[in-house]
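K.L.:
Quick one: structure below, then a few questions.
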Amino acid sequence: MQGSRPTSSWPKRSNDSTPKGCSQPRQNRTRPSLPWRRIVTPPGRIDVRACDPAPSEDDLALATDLRLAVDRLSRRLRQVGGHHIPPLQRATLTTLARHGPLRQGQLARAEGVALPTMSRTVDALIRQGFATREIEVDDARARRVSLTPEGKASLAAAAACDVEVLRERLARLAPCMRRAITAAVPALEAMATDDVTGH
């Protein structure tokens, strides 16, 4: 057609002088919005209370990976930790050490087990001398479970073994991975915390 300019099959030359194989700088790119605000508090931890809750479509995959990692780490601690307190008994002792004397129903709710299961667990702790069960002052039908000095000592020894194992494994990690774990600790604590008193 008269007046039309023939098109060239040669590729257009770019004015970019970036050498071949090097990544070109990105311009006029906006950063995607984060699902929550990352607020870092000393010493490098994230204040999860200031985060905006925003469920992600990757939550299922993240939860699956987290469950596997927690299970493997817990199993490893039981294998090499050097203590022999069953997991539910130890969790019950930990809850009593953190919150003080509690009713069996509160302990069952805190550990996510049925009341008969917790009753058997408390019976085992009493037989070992790690806990006592006493009648409530204002309610003779209720029983309150308390930690004994022997229970505190056994729990402290088990915790010391775990800390040493974790310290050795942390020392094997790269600094960036240790910083990532440090930043994740408050979020993990928030996930694991329940109001055992029912208030």
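Bear in mind these aren't lab numbers, they're just calculated from the coordinates by the rules spelled out. Just so you know, these numbers come straight off a predicted model, no measurement behind them. FYI the Cβ positions are ideal-geometry reconstructions off the backbone, even for glycines, and counts take in every protein chain you see.
K.L.:
Amide H neighbours of A131 under 5 Å, counting only residues 5+ apart in sequence or on other chains, H built in-plane at 1.01 Å?
P.N.:
Excluding prolines and chain starts, which carry no amide H, the hits are I126, T148.
K.L.:
How large is the translational diffusion coefficient of the range 54-129 in µm² per second when you combine the Kirkwood radius over alpha carbon pairs with Stokes-Einstein at 20 °C and 1.002 mPa s?
P.N.:
D, rounded to a whole number, is 148 µm²/s.
K.L.:
Please compute the modelled spin-label separation between D58 and H84, points set 7 Å along Cα→Cβ, answer in nm with one decimal.
P.N.:
Modelled inter-label distance: 4.4 nm.
K.L.:
What ranking of T193, T182, T148 emerges when the number of other C-beta atoms within 10 Å of each C-beta is taken as an exposure proxy, fewest first? Numbers along the way, then the final one.
P.N.:
On the way: T193 9, T182 14, T148 17.
So the residues, fewest neighbours to most, are T193, T182, T148.
K.L.:
Using only the alpha carbon atoms of the range 75-192, find the Kirkwood hydrodynamic radius as the inverse mean reciprocal pair distance, in angstroms to one decimal.
P.N.:
About 15.9 Å for the range 75-192.
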